[in-house]
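Visitor: Below: one structure in C-alpha cells.
Where a number appears in this text, it was derived from the coordinates with a stated rule and is not lab data. What you see is a predicted model, and the numbers here were worked out from it, not measured in a lab. Every residue, glycine as well, gets a Cβ built from its backbone with ideal geometry; the counts of neighbours run over all protein chains shown.
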Amino acid sequence: MKKTRLTIFFDLEFFERVHLYKDLGAIARYAAHYYECQSEIVFYEHPKNQTLTGKVLGVNLTRITKTDRNWHQRIIPRVITKMAIHILIHARKTDIAVFFHLRIINILYILIFKTINPRGKVFLKLDINRIGIAFLKQLQEDSTNLLASFNFFRQIFNPKQIKSVILLWAFRQSIRLTHIVSAETVEAFETTRRILSNRKNYSKFMHIPNGFDELVFSNERELITNEKEKLIISVASFGLPAKNSDMLLRVLSKLHMHDWRVCLIGSTTDEFSQKLKDFFKKNPDKIGTVKIIGNINDREVLYNYYRRAKVFILTSRSEGFPLVFTEAAYFGNFIISTRIGADSDITDSGRFGCSFEIDDDTSMASRVQDIIDGSFETEEISREFMEHSRRYSTWQQILSPVFDELGLIRRNLIS
C-alpha cells in the first residue's frame, strides 16, 4: 500500500530537537505511527540542528540552507526564499502540506503548493494567541470603516485601512485553498472562523488544542493522588518578556510556605538570574523552599516533577495553548494561571484550576496561600483532572479527527 506523504514546512524560527516533542513534532510522529503515512519536516539549517538528519522518531528530517539576503530579496522582501523554492520542487509528490501560523509568507507557500498540486491538501495550524486575535479584529474593523467611508464618502481613504482590506482579503483567499484550518483555544477558533470564513469554508475550521504526548511517556501505571507532595511547580523559560516571571516572584514573596516547596523548572535569562539573587536577599525565608531546578531535557525526570506536584503556576502575559498546560493536566496538577485564553479551556472553565488578571499577584497569591494552609483542598480535583485529561486531552484523541478528515488510512497496530 502506498503511504500518504505528509510534509510540515517549518520556517518560523530555527528548528531543534525540542520541536519534535511540540505540536509540529506530534503531528508528524502520530501520523507516521498510527497511519499509513510517511512524515517529513522541512526546516532551515542552524547550528542547533546540525545533528538532526535522516529519520528521527519515525519522522524524516530535511534541512535546507537559508538564503542570504541578496538582490532579489531587496526587491521582493521575504518572498523568494529557499523554502518557497523547495515547495515548488517537491509539491507534486506531497499529498498533505502543513503550515503554521497565519502569515503573509504562508499565503505564498499555499498558493505555490496548490498551483503545482491542485489535488494536494493543506492543513493550516494557526497557533494564534490573544495578540493575534486582536490583530485580526483590527483588520476587520479597519476594513469595515474603509468600506463605510467609500460607500458614504465620509472621509478620505486611510492607507492603513486600505492595507487592512488587502491583507484580510488575502488571508480569506488563502483559507479557500486549505482543507483544514485549526485554532488551539475556543476563543481563537470562534474568532478566526467568524472573521475568515464564509458559508463555503465554514466547516474547514476545527478546534484543535494541544495534547499530552503518550508516545513519549510510555509509563502506563495508574497515577494515584497519594503520590502527590506539598509541591508547587512552574515550568517556563524564565525571564522572557511574554513569561512575565516578575509576577511569579511577587506571588512567591507573599507566601508563607510552611512545609511546602516551590520548584522553578526551565531556562533563565541572565537578567532574571540576577533578579532571583535579589529575591532571595529580600526573602531569606524562601531559601531552601524555593528551588531553581534549571532546564530538564530528560522527559521522564521532568514528568516526575509533574507527578509529585499538587499545584502548577503560570504567569504569562501571552500564550497560545502552552504544552505545559497539557502536561500539568495529565498529572492532575491544580492549575493557577493568568488569563491568557487557554486557561479557561484547560481548566474546564475553572473546574480544575483558577485564573487571574495579568499582574494581579495579590489575588493569585491569596489562592495559593489557601491551598498551602489547607483551606482549599485539591486532592479530589486532582483525581478528576487526571481522568478528564486522559479521556480527552492526549494527542492521539485530539489528532484522530484531523487525520480522518485528511483521509489518512489507519495502520493495523498489533499490541
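Visitor: Once Rh is set to the Kirkwood radius over Cα pairs, what Stokes-Einstein translational diffusion coefficient, in µm²/s, holds for the stretch 225-392 at a temperature of 4 °C and a viscosity of 1.567 mPa s?
Guide: Reported coefficient: 82 µm²/s.
Visitor: If you average the sequence gap of Cα pairs under 8 Å that are 6 or more apart and divide by the length of the chain, what percent do you get for the contact order?
Guide: The value is 15 percent.
Visitor: While we're looking at this one, here's another question. What residues qualify as long-range amide H neighbours of ARG5, i.e. H under 5 Å apart, gap of 5 or more or another chain, H built at 1.01 Å from N?
Guide: GLN38, ASP95, ILE96
Visitor: Suppose every Lys and Arg Cβ carries +1 and every Asp and Glu Cβ carries -1, with no other charges. What dipole size does the chain come out with about its Cα centre, to the nearest 20 debye?
Guide: It works out to roughly 2000 debye.
Visitor: Over all directions, what mean area does the Cα convex hull of the chain project, stated in square nanometres?
Guide: If you wrap the Cα atoms of the chain in a convex hull and average its projections, you get 23.9 nm².
Visitor: Of LEU168, LEU111, ILE287, whose Cα points farthest to the positive end of the dipole of the chain (charges on the beta-carbon: +1 Lys, Arg; -1 Asp, Glu; origin at the Cα centre)?
Guide: So the residue furthest toward the plus end is LEU111.
Visitor: Measure nothing but the geometry: give the 0 to 90° angle between the long axis through the Cα atoms of 299-308 and the longest principal axis through the Cα atoms of the chain, rounded to 10°.
Guide: Taking the Cα atoms of the chain, the angle to 299-308 is about 50 degrees.
Visitor: Could you rank the peptides 183-195, 25-37 by their average count of other C-beta atoms within 10 Å per residue, with the highest value first?
Guide: Output ranking for 183-195, 25-37: 25-37, 183-195.
Visitor: Taking the Cα centre of the stretch 225-392 as origin and charging only Cβ (+1 Lys, Arg; -1 Asp, Glu), how large is the dipole, in debye to the nearest 20?
Guide: Taking the Cα centre of the stretch 225-392 as origin, the dipole is about 400 debye.
Visitor: From Cα pairs below 8 angstrom and at least 6 apart in sequence, can you work out the relative contact order of the stretch 225-392, rounded to a whole percent?
Guide: 26
Visitor: Could you give the angle, 0 to 90 degrees to the nearest 10, between helix 23-34's Cα long axis and the longest principal axis of the Cα atoms of the chain?
Guide: 80
Visitor: So how tilted is helix 130-152 from the main axis of the chain? Cα-based, degrees 0 to 90, rounded to 10.
Guide: So the helix axis and the longest Cα principal axis differ by about 40 degrees.
Visitor: Out of residues 5 or more away from GLU214 or on other chains, whose amide H comes under 5 Å of its own, with H placed 1.01 Å from N in the peptide plane?
Guide: TRP395, GLN396
Visitor: Can you compute 3J(HN,Hα) from phi for each residue in the stretch 88-101, using the Karplus curve 6.51 cos²θ - 1.76 cosθ + 1.60 with θ = phi - 60°, rounded to whole Hz and x for Gly and Pro?
Guide: Couplings: 4, 6, 9, 4, 5, 9, 10, 7, 10, 10, 10, 10, 10, 6 Hz.
Visitor: Just to confirm my numbers, what's the Cα centroid distance between the stretch 36-66 and the stretch 235-252 in Å?
Guide: Spelled out, the Cα-based centre of one part sits 32 Å from the other.
Visitor: Which order, highest average first, do 283-291, 243-251, 160-168 follow once you tally other Cβ atoms within 10 Å for each residue and take the mean per peptide?
Guide: 243-251, 160-168, 283-291
Visitor: Of GLN138, THR94, ASN60, which is farthest on the positive side of the dipole of the chain, counting Cα position, with +1 on Lys and Arg Cβ, -1 on Asp and Glu Cβ, and the Cα centre as origin?
Guide: Towards the positive end, the residue furthest out is THR94.
Visitor: Could you please report the charge total around MET257, scoring K, R as +1 and D, E as -1 over all other residues with beta-carbon less than 10 angstrom from its beta-carbon?
Guide: Net of charged neighbours comes to +1.
Visitor: All other residues with a Cβ under 10 Å from the Cβ of ARG176 taken together, and with Lys, Arg as +1 and Asp, Glu as -1, what is their net charge?
Guide: With Lys, Arg at +1 and Asp, Glu at -1, the net is +4.
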